[in-house]
Amino acid sequence: MRPLARSTCRHGRGQLCILWVLWCFVGLSAEAADAHPIGNEPQLFVGDLLVASKSGVVRRAHACEKLTSPVLEPETAWEKEGDDQRVYLYGTVLRDAQTGQFRMWYNRLDAVLYATSADGLHWDRPELGLVDLNGSSANNCLLLGMHSPSVVYNPNASDPYVMLGRVKGEGRGCWIAHSPDGVHWTFYPKNPVFESDDTCTLLYDAKAGEYLAFHKDNVELRGHKRRTVFLSVSRDLQEWSESKLVMAPDETDDAQVRREGGRCAQFYNMSTFPYGGQFLGFVTHFRLMGPPERKGPKQSNDDGPIDVQLVHSRDGRAWVRCEDRSPVIPNGPHAYDAGCILGVANGVVTVGDEVWTYYTAITTTHGGFIPEKRVTIALAKWRIDGFVSLDTGTETGLVQTVPIDPEGDRLIVNAEAGQLTVAVLDAQGNPLPGYGHEDCTALRGDSVRHAVKWKAHENLPETRPLRLEFRMRDTRLYSYAIISPP
């Protein structure tokens, strides 16, 4: 090594060589540090975190598709009391990964009820024999006295099902229970775990190993006391962090309500779930008009419509509104949810090439009264990854990603494509040979799984990190995924 050191150090050239090597190493390290690792999950365009630049495109939120009638209506004696007919989906729908069975935890006022379905459309109420209602245990009731039962599944826990809800008669306290099968429940030793208003939803963050409880509370904001969303976090379900405000209406929301003749905007609750390497959420946007014009039994003093908007987060703790605030679950066009949507399940299920979620559908606005106010459970559907798209018309649109470091090597695109090509660039944005737009076979037509190919390549290059550049016309671009084929 000494002769090599003498020759390279002659006239200072050795120091320059070393500096050059160090500069390259630092540059490559910084380049790698700036890259965003992504797995096989779809990358949605709900926000711009992974977008370096875009031009000629518009971000649009998409309203769900609905059925002509609800999927679950009050039918049993314990779901109906004369004209008072109400079932609420503040809770959860999960789908068994092995059997495909749908499982629903829902509410009739303060009773936690349970239903199952083979197809997610037609629901059965099993006779569980657990709770006495009106002198009989031949019913589908799991628990009495709990409101807003939100369930998550943690396969690594000894009891994998966890439920969070507000227990009646316990002040403003939220309680936690656990179950081995989702049917037989036991409350934890320490309850209540924190204070909340009447609605809450639970999220399990598997990567962090933490439970996130989003719950409603009232705060004074811009001259109005209003409903907002708070977050408390726990690892063991017994000790919870101090609740912090994470989602509140802003002046833009208030301006909309004033234009409609109302007082202010409020958020009734927020349901959140992991999706595509990040977190998405449905926030119920309550446009408070004031007290109801007509008085009747069993009604709220606050009246106004409620619809649902999309929010998103990379860590589940800091949340951002979608750029397009158009409702993703709007009121109507059917009568069953024309008034308001009071709550949404704390997750989605994938059915074929669609994403489904369930929600509380109400015929009247929030301040409606019985019997005009009928409360049922309805279904909302989107294409896979179809919550938001980047759209372009006849003019060419360009979207370039930040440097990404994917695990896979096969590019799949979800788009309604008039014409769409994808170029692959290095981390600095330079086109890679053989992967330019002119090399790409143009995508056309509507598919959730367009396979992107180039003249001489079906797979992405080995270069890491890399960028993708989408060039498109007459296209709706929903997402892309870089997968590892079997």
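The values are calculated or read from the model by the stated rules, or taken from the named source; none is laboratory data. Note that the structure is a prediction, hence the values are computed from the model and not measured. Cβ coordinates were reconstructed from backbone atoms using ideal geometry, including for glycine residues, and neighbour counts include every protein chain displayed.
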Item checked: Hits in segment 421-454 (condition: part of a strand (DSSP E or B) and closer than 17 Å to Arg467 by Cβ) -> Thr421, Val422, Ala423, Val424, Leu425, Asp426, Pro431, Cys440, Trp454
Note to self: Give me the residue from segment 272-290 that is under 10 Å from Gly367 (Cβ atoms) and touching a strand residue (DSSP E or B) at 6+ places or on another chain (Cβ under 6 Å) and, out of that set, surrounded by the fewest Cβ atoms within 10 Å (Cβ to Cβ).
What the structure shows: Met289
Notebook entry, point to check: For the subset of segment 170-187 comprising residues that are surrounded by fewer than 18 Cβ atoms within 10 Å (Cβ to Cβ) and modelled with pLDDT under 95, which member is farthest from Asn218 (Cα to Cα)?
Noted result: Glu170
Next item on the list: Enumerate the strands (runs of 3 or more DSSP E) found wholly within segment 63-147, keeping only those where 3 or more residues are touching a residue at least 60 places away in the same chain (Cβ under 8 Å) and closer than 25 Å to His215 by Cβ.
Entry: 88-95, 102-108
Check: Would you pick out the residues in segment 351-369 that are closer than 15 Å to Asp303 by Cβ and part of a loop (DSSP other than H, G, I, E, B)?
Finding: Thr363, Thr364, Thr365, His366, Gly367, Gly368, Phe369
Notebook entry, point to check: Applying the selection to segment 358-404, what residues are acidic (Asp, Glu) and over 24 Å from the mean Cα position of the chain (by Cα)?
Noted result: Glu372, Glu395
Next item on the list: Test Val219 against the criterion of being farther than 19 Å from Phe286 by Cβ and assigned to a strand (DSSP E or B), and give yes or no.
Entry: no
Notebook entry, point to check: Is it the case that Val351 is crowded, with 19+ Cβ neighbours inside 10 Å and on the phi < 0 side of the Ramachandran plot?
Noted result: no
Next item on the list: Only residues in segment 402-415 that are in contact (Cβ under 8 Å) with a residue 40 or more places away in the chain count as the first member; pair them with residues that are among the polar types (S, T, N, Q) and part of a strand (DSSP E or B), Cβ under 6 angstrom, at least 6 apart or cross-chain, and list the lot.
Entry: Asn414/Ser479; Ala415/Thr475
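Check whether at least one residue in segment 449-471 is under 30 Å from His62 (Cα atoms), surrounded by fewer than 19 Cβ atoms within 10 Å (Cβ to Cβ) and among the small types (Gly, Ala, Ser), and report yes or no.
Step one: list which residues in segment 449-471 are under 30 Å from His62 (Cα atoms), which gives 449-453, 466-471.
If we keep only those that are surrounded by fewer than 19 Cβ atoms within 10 Å (Cβ to Cβ) as well, we get 449, 451, 453.
Narrowing further to those that are among the small types (Gly, Ala, Ser): 451.
Yes, because at least one residue in segment 449-471 is under 30 Å from His62 (Cα atoms), surrounded by fewer than 19 Cβ atoms within 10 Å (Cβ to Cβ) and among the small types (Gly, Ala, Ser).
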Next item on the list: Take the residues in segment 405-420 that are part of a loop (DSSP other than H, G, I, E, B) and acidic (Asp, Glu), then tell me which one is farthest from the chain's Cα centre (by Cα).
Entry: Asp409
Notebook entry, point to check: Checking Gly332 against (1) under 30 Å from Asp34 (Cα atoms); (2) assigned by TED's automatic domain parsing to the domain that holds Ser117; (3) of a type outside the set (Val, Ile, Thr); (4) surrounded by fewer than 18 Cβ atoms within 10 Å (Cβ to Cβ), which single condition isn't satisfied?
Noted result: (1)
Item checked: Subset of segment 226-281 [assigned to a strand (DSSP E or B) and of a type in the set (A, V, I, L, M)] -> Val229, Leu231, Val233, Leu245, Val246, Met247, Ala265, Met270, Leu280
Checklist line | Failed item, numbered, when Val388 is tested on (1) closer than 15 Å to Pro42 by Cα; (2) surrounded by fewer than 17 Cβ atoms within 10 Å (Cβ to Cβ) | finding: (2)
